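The values are calculated or read from the model by the stated rules, or taken from the named source; none is laboratory data. Keep in mind it's a predicted model, so treat the numbers as computed, not measured. Neighbour counts run over all protein chains shown; Cβ positions are idealised from the backbone, glycine included. What goes into the accessible areas is simple: the full protein's heavy atoms, side chains included, and nothing from ligands, DNA or RNA. Shrake-Rupley method; radii C 1.70, N 1.55, O 1.52, S 1.80 Å.
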Amino acid sequence: MAESVETENGEGGDASRRDFIHIAAGAAAVGAGAMLVWPLINSMNPAADTLALASIEFDMSKVQEGQQVVIKWQGKPVFVRYRTPREIQEAVVAPMSALKDPQADGDRIKAGHQQYLVLLGNCTHLGCIPTFGAGDFGGWFCPCHGSHYDTSGRIRKGPAPTNLVVPEYAYLSDTRIKIG
Amino acid sequence: MTLQTNIRAMKKTLVLIAAVAGLGLAAQPALAAGEKHTPRSGGFSFEGPFGTFDQGQLQRGYKVYREVCASCHSMDLMHFRTLAEPGGPFYESGQASPAENRFVKALAKEAQIGDIDTETGEPLMRDGTPADRFPNPYPNPTAAAAANGGAAPPDLSVMAKARHDGANYIYSLLTGYAAVPQGLQMRPGQNYNKYMSGDLTPFMPEGAEVPPGGFIAMANPLSTGQVTYDDETVASVDQMAKDVAAYIAWASDPKQVQRKQAGLGVMIFLFLFAGITYLSYRRIWKGVAH
Amino acid sequence: MSEHASTYVPKSGVEKWLDTRLPIIRFGADYMSLPTPKNLNYWYTFGGILALCLIVQIASGIILAMHYVPNTEMAFASVERIMRDVNGGDLIRYTHANGASMFFIAVYIHMLRGLYYGSYKAPREMIWIIGCLIFFLMIATAFLGYVLPWGQMSYWGAEVITNLIGAIPLIGEPVLIWLRGGPAIDNATLNRFFSLHYLLPFVIAGCVVLHLWALHTAGQNNPVGILIPKDREKKDMLPFHPYFTVKDGFAIILFLILFATFVFFMPTALGHADNYIPANPLVTPAHIVPEWYMLPFYAILRAIPDKFGGVVAMFAAIGVLFILPWLDTSKVRSMRYRPTMRTFFIIFVIVALILGWCGAQLPDAPVIGEFKTFILIDGDLNSYLWLTRFTTAYYFAFFLIIMPLVGLRETPQPIPATISEPVLSGGYAMTAAAPASAEKKG
C-alpha cells in the first residue's frame, strides 16, 4: 500500500508489515481502546443507588383475606394476595393438563404460607397489569388482550405464554417478607 | 532525525506543556494582606499517589461527625450504604453488597428518617435503611440559617474538595481556635480562628498589625473526651480533628484510593505502550532521512 | 499539489460494489496514502492529539449526559451521584473536566505552531480561519460546560460573562434577558446552556471536517515553509500511513500520559475549589476566576476601564486572529528563517503566559514586592492592572503593528530550495544559491 520511498541508503522505507514490533504496537492500541471504551459501557449498568433499592420488605398483616395489595418494587407492580381457602383449593386441584405452562401451586408459594401469593403484576404477554378477581378462573384477567389467570396466577386462557412470575422473596418472620 | 534530535524536540514540547500546566496550577488568586495561615499538615495517610485511608481513622472520624457535627451540618450527598464501599469506614470483605453490610444496617437503623405512611400518606419517622441518605438536621435551608444566627452551617459532603488543601484545612480550622488577639473588635456571634479566610483590617485599630485569619460563626465544636472511641484511642481535640478531617476527605471523594491504584496500572501500561510504539516508529522510519 | 490522484484499486467484490456506490474505502485509502512532507517535527502531531481530545470529550460527555440533570435543584447533586454511584462515573467525570484543559493545552500549542511556521499564510488562509472558528467554538463550549455543575464558580462565572452582553449599547439589556431566559441566571439558563453545550461539539466536529478538507486542498505545510513541487514529491514526501499515523500515535500516547497523571492523581488541580460549593445567588465568591485557559482573555477584559470597551477588547483579541493572514506581510513562511520575527514571537509567548497569570490576580495587588510607586491614571504603576495593560498592548501590537512592519523591513535568512537540503547538509546551513525567489508564490 505504501509507495516505495527513495532514501539515501535505499532501505527501511518498505518496513515489513509483519514485523513483530508493529503487531505488538497494534495489539497494545487495541487494548488501550478497549480500556477506554469499557468504563463508558459499564457506566450504563445499574448504578449503586439503583442496586441498593433491589430489595424491599413488606408487612403481610396489611393484606386482608380474599384481597390483594399492590406494591411497587424495582419500578414494577407486585401483587400480594391473601387467598381464601376455596381459592387455594381451586389452585391445588387444577390438573396439569389444563395448564399452558404446567406448574404445581405448591411450587409457587412458600411452605407454611400457602395462603399468600406474591407475584409480579405484569401480564407475561406484553406487560399490562391484570385486574384482580376478574376472568373465568377467579384469579386475574388482563384487559389488553384477554389473558385469564387462575388463583395461583397461572395462565389458563388467552395469548400470554407463561404464568405470572413469582419473584425471589423470603419470609423474615411470619408476617414480614423481603422481596428481592 | 537522530534519537538526540527526537528527544530534544520532545523535551521542548514537554517543557512547554509543563510550563502551561504549571501556570494553570499556580494560577491561584492573589493573597491580600493579613491572609490566613497556610494549613498545618495533619500527616494524613491518604495523601500522595500511593496513599490509602486508615479504616480505623475513618471509623473514628465517622463517629465524631455523627455525634458532634451532624447536629448542625448535613451531609446530604452521602448514603449509609456508601460507608460500606470498598475503602470506606465499614467495608467488610465478605459482604454481599454495600447495602447488605451488617454495620451499615445497624448504623442506618439508629437514624430516624422522615417518610410517609404507605396507606394513609401521613408523615411519619421510621428507622433508616442502608439505601437512605444521611438525615439533614434541618427541614430546609431557611430553618438551618434561622437556627444558626443567619448563617446556615455548610453541607460537609464535599467539604474537602470545596477548600484548598481540604483535609489539612479542616484539621487546622478545628484546632485553630485561639485567644482573641489584642485590640481585635469582635463582632457579636462570631469567633476568631487563625485559619479562617477573611480580612480583619477593618476590625483592628488603625496602624495595628492585622492578625491572620478571620471570623467564623461556629464556636469551637471540639473538647477533649467529647467522643468515646470504640478502639480506645485517646479522644484529644487534635485526634478528633484529624479523624473527622480524614473522614470528610473520604466522604468528599470515596473512590479516590481506587482511582489512584487504577492510575498506577494505567501509567505502567501507557509507559510500556509508549515504548513499544516508539520502537515501531523507529523501525518504520529507519533509514529515511528526514 | 492538492490534486493527488487516487491510487486505490478495489480488490474484492464487496469493495468494487461499494466503490461505485459510496467510495468510502477509496476515501480512507487515499487519506492513508496521502503524500506528507517528511520533515514534519513533533509540533505537527498536535492536530492528531486534538482529534483525540474531541473524541474523548464527546464520548465522555454523552455518557455524562445520561446521568446529569440540568435543573438548578438537582444539577450539583446529580454530578455528585455520577462521582459516587455511577459505575466508573468518577473517572468519566474527571476525564471530561480535565479533558477540557488538555484540549486547550493542545490547541494553544497547535496555534503557536501555526504562527511559528507561517501555516496561516497563502494558500492556507481558510485552514487558519476555520481553525480560529473552532477555537472560538471551543471557548464557548467550555464556558457553557463549566456552568453545568452549578457550583459557585459556575453560577458567578456565568453571571459575569453574560453581564458583558448587557454592556452592548442599545440592544444589550433585552438580549441579556433573552439569553438568560429571565431577569437572572436560573433554571431557564441552565437548561438552555446544557442543550447548547451538547450541540456545539458537533458543530466543532463539522468545522474540523472543513478544516481537514481545506488542509488537503492547500497541502500540508512543513517546518521549512516551502511548497513542495510535484517533481520533488517522491523524494521529499512520505505516505501518511504508516509514517505519520504511527508518529501521531506515539505523540498521542505521551499526551495520554500527561492526561492520565491529572485524571488519576491530581484531578482537581486545574479547577477551582469554590466550584464544590453549591451555587448561591446571594453570596459572591471572594475571587471570581474562569478556568485557566480563559485567563488571558479575562485579563484583557479587565484591563480596559470601560465596561463595553473591555468586552470589545476581549472579543477583538480573538477576532484579530481571523485576519492574521493579511496582517503578516512577509514572503517567508517559517520563522526558522526570520530571526527578527522569531524574537518577537518568543516575547509574544511569554506575554501570553503573563497575561494568563494576570487574569488570576487582583488588579490592585502589587507585582513586585509590596511597595507602592505612583498612581498612573487609575491605579498604581506597580500593580497587576498596569502589567495587564502593558502586556495587552504588546498582544495587539504583535498582530497589528509588529507583524506588518517586520514583514516589510526584515531580511530573512536564505531559504533552502528543498526540504531535504537542510537535513543532508547536516543542519540549517543554506546554499547561497537558494534565495527567497526559489520559493514559489501563492
inquiry  = If amide hydrogens are placed 1.01 Å from N in the peptide plane, which non-local residues have theirs closer than 5 Å to the one on A:TRP73?
reply    = A:VAL78
query = Got a sec to turn the phi values of the range B:87-99 into Karplus ³J(HN,Hα) couplings, 6.51 cos²θ - 1.76 cosθ + 1.60 with θ = phi - 60°, whole Hz, x for Gly and Pro?
reply = x, x, x, 10, 4, 10, 6, x, 5, 5, 6, x, 6
remark   = The long-range amide H neighbours of A:SER43, using H built 1.01 Å from N in the peptide plane and a cut-off of under 5 Å, are none
Whole-angstrom gap from the range A:59-88 to the range C:349-417, using each part's C-alpha centre = 78 Å
message = Could you compute how much accessible area chains B and C hide from each other, both sides summed, with a 1.4 Å probe? Nearest 100 Å² is fine.
response = 5000 Å²
ask   = At A:VAL70 and C:HIS287, where each label point lies 7 Å from the Cα along Cα→Cβ, what is the point-to-point distance in nanometres?
value = 6.0 nm
ask   = Over chain A, with a single point scatterer placed on each C-alpha, what log10 of the ratio I(q)/I(0) does the Debye formula yield at q = 0.19 1/Å?
value = -1.22
note = Probe 1.4 Å, protein heavy atoms only: A and C together bury a total accessible area in Å², to the nearest 100, of 1800 Å²
task = Return, ordered by residue number, the residues of the range B:148-177 whose backbone nitrogen is under 12 Å from a label point located 7 Å along Cα→Cβ of B:ARG187.
result = B:150-151
ask   = What helices does chain B have that are whole DSSP H segments, at least 20 Å long along their own axis by Cα, and with mean Kyte-Doolittle hydropathy of -1.0 or more?
value = B:3-26, B:237-252, B:256-285
query = With θ set to phi - 60° and the Karplus curve 6.51 cos²θ - 1.76 cosθ + 1.60, what are the ³J(HN,Hα) couplings of the range C:92-108 in order, to the nearest whole Hz, using x for Gly and Pro?
reply = 5, 5, 5, 4, 5, 5, 6, x, 4, 4, 5, 4, 6, 4, 5, 5, 5
ask   = Could you give the distance between the Cα centres of the range C:10-50 and the range B:145-180, to the whole Å?
value = 58 Å
task = Please work out the FRET efficiency for the pair C:PHE396 and C:VAL9, using the Cβ-Cβ distance as r and a Förster radius of 35 Å; give the result to the nearest 0.05.
result = 0.05
message = For the protein assembly as shown, what does the accessible surface come to per residue with a 1.4 Å probe? Please give it in Å².
response = 46 Å²
message = If you take every residue apart from C:TYR155 with its C-beta less than 14 Å away from the C-beta of C:TYR155, what net charge results, scoring Lys and Arg +1 and Asp and Glu -1?
response = -3
request  = Once you have a ≥ b ≥ c as the square roots of the Cα gyration tensor eigenvalues for the protein assembly as shown, tell me rounded if a/c is under 1.5, and otherwise prolate or oblate according to whether a/b is larger than b/c.
outcome  = oblate
task = Give the angle, between 0 and 90 degrees and rounded to the nearest 10, that separates the Cα long axis of helix C:75-84 from the longest principal axis of the Cα atoms of chain C.
result = 60 degrees
ask   = When the helix-only estimate is applied to the protein assembly as shown (DSSP H runs of n ≥ 4, each -39,500 (n - 2.57), divided by the residue count), what is the mean residue ellipticity at 222 nm, nearest 500 deg cm²/dmol?
value = -14000 deg cm²/dmol
inquiry  = Could you tell me the relative contact order of the range C:1-154? Use alpha-carbon pairs under 8 Å, at least six residues apart, and round to a whole percent.
reply    = 21 percent
request  = For the protein assembly as shown, give the magnitude of the charge dipole about the Cα centre (Cβ charges: +1 Lys/Arg, -1 Asp/Glu; no others), in debye to the nearest 20.
outcome  = 2600 debye
query = Ballpark to the nearest 100 Å², how much total accessible area do A and B bury together, probe 1.4 Å?
reply = 1600 Å²
request  = Hey, can you grab everything whose amide H is under 5 Å from the amide H of A:ILE56? Only 5+ residues off in sequence or another chain; H modelled, so Pro and N-termini drop out.
outcome  = A:ILE179
inquiry  = Please compare each pair in B:LYS109/B:LYS161; A:LYS110/B:LYS109; A:LYS178/B:LYS255; A:LYS62/A:LYS110; B:LYS63/B:LYS105; A:LYS72/A:LYS157 to a cut-off of 21 Å on the Cα-Cα distance and tell me which ones are over it.
reply    = B:LYS109/B:LYS161; A:LYS110/B:LYS109; A:LYS178/B:LYS255; A:LYS72/A:LYS157
query = On the accessible surface of the protein assembly as shown, probed at 1.4 Å, how many percent belong to carbon and sulfur atoms?
reply = 64 percent
ask   = Which whole-number percent is the relative contact order of chain A (Cα, under 8 Å, 6+ apart)?
value = 17 percent
remark   = The rounded separation in angstrom of the Cα centers of the range C:74-96 and the range C:106-158 is 26 Å
request  = Could you list the GluC sites (Glu not before Pro) in the range C:1-110 that lie in coil according to DSSP, counting only those with at most 14 other Cβ atoms within 10 Å of their Cβ?
outcome  = C:GLU3, C:GLU73
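Taking a ≥ b ≥ c as the square roots of the Cα gyration tensor eigenvalues, with a/c under 1.5 meaning rounded and otherwise prolate when a/b beats b/c, else oblate, which class fits the range B:39-187?
The shape class here is oblate.
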query = With axes computed from alpha carbons, what is the tilt in degrees of helix A:20-42 against the longest principal axis of chain A, rounded to the nearest 10 within 0 to 90?
reply = 30 degrees
remark   = Expected vector for the range C:383-388, Karplus 3J(HN,Hα) from phi with 6.51, -1.76, 1.60 and θ = phi - 60°, integer Hz, x for Gly and Pro, equals 9, 5, 4, 7, 4, 4
